[in-house]
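Trainee: Supplied in structure tokens, the structure appears directly below.
Every number in this text was worked out from the coordinates using simple rules, so none of it is lab data. From a predicted model like this one, the values you see are computed outputs, not experimental measurements. Don't worry about glycine lacking a Cβ; one is built from the backbone with ideal geometry, like all the others, and counts go over all protein chains shown.
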Amino acid sequence: MSRPLHARPLPAAVDRATIDRFREAWEAGVPVAPLDVRLPREERERRERLLAAHPLPPGSSPPALVLFTSGTTGTPKGVVLSRRAVEEAAEASAARLGWRGDDRWGLLLSPARAGGAAIILRCLLAGRPAVPGPTPFDPARVARWLEEERITLLSLVPAQLALLFREMPAWRPPSHLRAILLGGAAAAPALLREAAARGVPALPTWGMTETLGQVATVPPGTPPDPANGAGPALPGRRVRVRDGRLEVAGAGLMDGYWPPGRHREPWTGDGWLATADLGRIDPRGYVHVLGRADDAIVTGGEKVHPAEVEGALLAVPGVAGALVFGVPDETWGALLAAAVVPGPGFARDRLREALRRLPSSRRPRRVALVGELPLREGKPDRRGAADRLADRLETP
């Protein structure tokens, strides 16, 4: 009788030792659960206890990976990915990007998250090097590393690319850097326009932990353009919209959530994976992500999706970044608030005029001007923004 399988906890950092541990586990057929070394010790220990207590759910292929999607509070929620799913996800990525003999994929994202783990496993399966980069992210060091290590492929979240642009105004990408996958959050139109002006091969991409990253990616060689959204679905993967939400089918999907029985499974009746992302698909088949359904803010009985308001703010000349969130209010339940990053040509009067043109239910009533948006693990931190910016919010 076979014993229940448990994932081996793997302390994960952006370094060569973590890459080697991934390789050893894959070759030994041992499922792993990478735990971010930056987690508080109590949280790491709690997850380790859960991993020891709960077997992984059975699947048609042996499990390879458990990636956590929850924060540091509440019951951790893991995504179980089989060996077959990992292989299929890697094949789908390669079908869009291709592999070249000199490819070296730069690793700047945490291997405890889908973006970082996917880089390591794609490179392992393709026999190409994953090259750990400088952490924490430092633009000057990253620019030197890209040159010295001859990085050809790179994955960044938009906040990293924006910081690189801001701190290195004269930076241009080296000729050997052929693609930057830009995902994990929406890329502001201004960021993509600057990428195009600098000749940066930024390819917006959309994916999730449940698919080990890439589901849709703008084709290589396409100049950065907000009109392209996240590009078309990768070969072997399909995307549809139902009731405003994006759903995924095809190769490389997770087996299920973990611990077993504690989380609602996202499968539809006809076998598609229902995501929490709102979106649309244009006539070319390009996927456009419009925000997350669970980010909706209810103010005065109206449901508002922050991404809609952020899009209007980012269209204002001089606004380099925007994050919309809710703050508690006794009368309205919540008020819309916005963190705004001023860029070249920013003017308060122009921002006020843009706010006045918005429908009343979608107009931020509090605004904070910030040097950078509040983030958590590289993604917009809407839930933490209200606390972090409480003393800086003003009536516009």
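Trainee: With everything on Cα atoms, drop me the angle between helix 158-167 and the longest principal axis of the chain, reported from 0 to 90° to the nearest 10.
Mentor: Rounded to the nearest ten degrees, it is 60.
Trainee: Moving on to the next point. Which semi-axes, in whole Å and largest first, does the equivalent ellipsoid of the stretch 80-141 have when worked out from the alpha carbon gyration tensor as the square roots of 5 times its eigenvalues?
Mentor: Numbers: eigenvalues 93, 47, 14 Å².
Here the semi-axes work out to 22, 15, 8 Å.
Trainee: Using a 10 Å cut-off on Cβ atoms, rank the peptides 320-329, 354-363 from the highest mean neighbour count down. Could you put the intermediate results ahead of the total?
Mentor: Numbers: 320-329: 21.3, 354-363: 14.2.
Descending mean neighbour count gives 320-329, 354-363.
Trainee: Ok, one more. Got a sec to turn the phi values of the stretch 22-35 into Karplus ³J(HN,Hα) couplings, 6.51 cos²θ - 1.76 cosθ + 1.60 with θ = phi - 60°, whole Hz, x for Gly and Pro?
Mentor: 4, 4, 4, 5, 5, 5, 8, x, 9, x, 10, 10, x, 10
Trainee: Can you give the FRET efficiency for R240 and R357, using 1/(1 + (r/R0)^6), R0 = 30 Å, r = Cβ-Cβ distance, to the nearest 0.05? Spell out each step's value before the answer.
Mentor: Values: r = 34 Å, r/R0 = 1.13.
With R0 = 30 Å, the Cβ-Cβ based efficiency is 0.35.
Trainee: Only Lys, Arg, Asp and Glu count, each charged at its Cβ (+1, +1, -1, -1), so figure out the dipole size of the chain about its Cα centre, rounded to 20 debye.
Mentor: So the magnitude is around 200 debye.
Trainee: Using a 10 angstrom cutoff on alpha carbons, build the Gaussian network for the chain and name the most mobile of G384, G221, G269.
Mentor: Taking springs between Cα atoms under 10 Å, the residue moving most is G269.
Trainee: What is the sum of charges, Lys and Arg at +1 and Asp and Glu at -1, for the other residues whose Cβ falls under 12 Å from the Cβ of A251? Walk me through the numbers before you get to the answer.
Mentor: Values: positive: R84, R237, R238; negative: E87, E88, E91.
Within the 12 Å Cβ shell, the charges total 0.
Trainee: More than 20 Å apart: what percent of Cα pairs in the stretch 148-246 qualify?
Mentor: Roughly 37 percent, once rounded to a whole number.
Trainee: Bin width 5 Å, origin at 0, all Cα-Cα pairs of the stretch 296-392: what percent of pairs per bin?
Mentor: The distribution over the stretch 296-392 is 3, 14, 26, 26, 20, 9, 2, 0, given as percents.
Trainee: Within the stretch 296-392, what percent of beta bridges assigned by DSSP are antiparallel, to the nearest 5? Please list the in-between numbers first.
Mentor: Numbers: 15 of 19 bridges.
So the antiparallel bridges amount to about 80 percent of the total.
Trainee: Another one. For L65, enumerate residues with amide H under 5 Å from its amide H, sequence gap 5+ or separate chain, H modeled in the peptide plane.
Mentor: Here the answer is V32, L81, since their amide H atoms fall under 5 Å of that of L65.
Trainee: Going by average Cβ density within 10 Å per residue, which order do the peptides 13-20, 249-256 take, highest to lowest?
Mentor: 249-256, 13-20
Trainee: Please list, in chain and number order, the residues 5+ apart from L203 or on another chain whose amide H is under 5 Å from its amide H, with Hs placed from the backbone.
Mentor: I180, L181, L182
Trainee: Where does helix 114-126 land angle-wise versus the long Cα axis of the chain, in degrees 0 to 90, nearest 10?
Mentor: Computed tilt is about 40 degrees.
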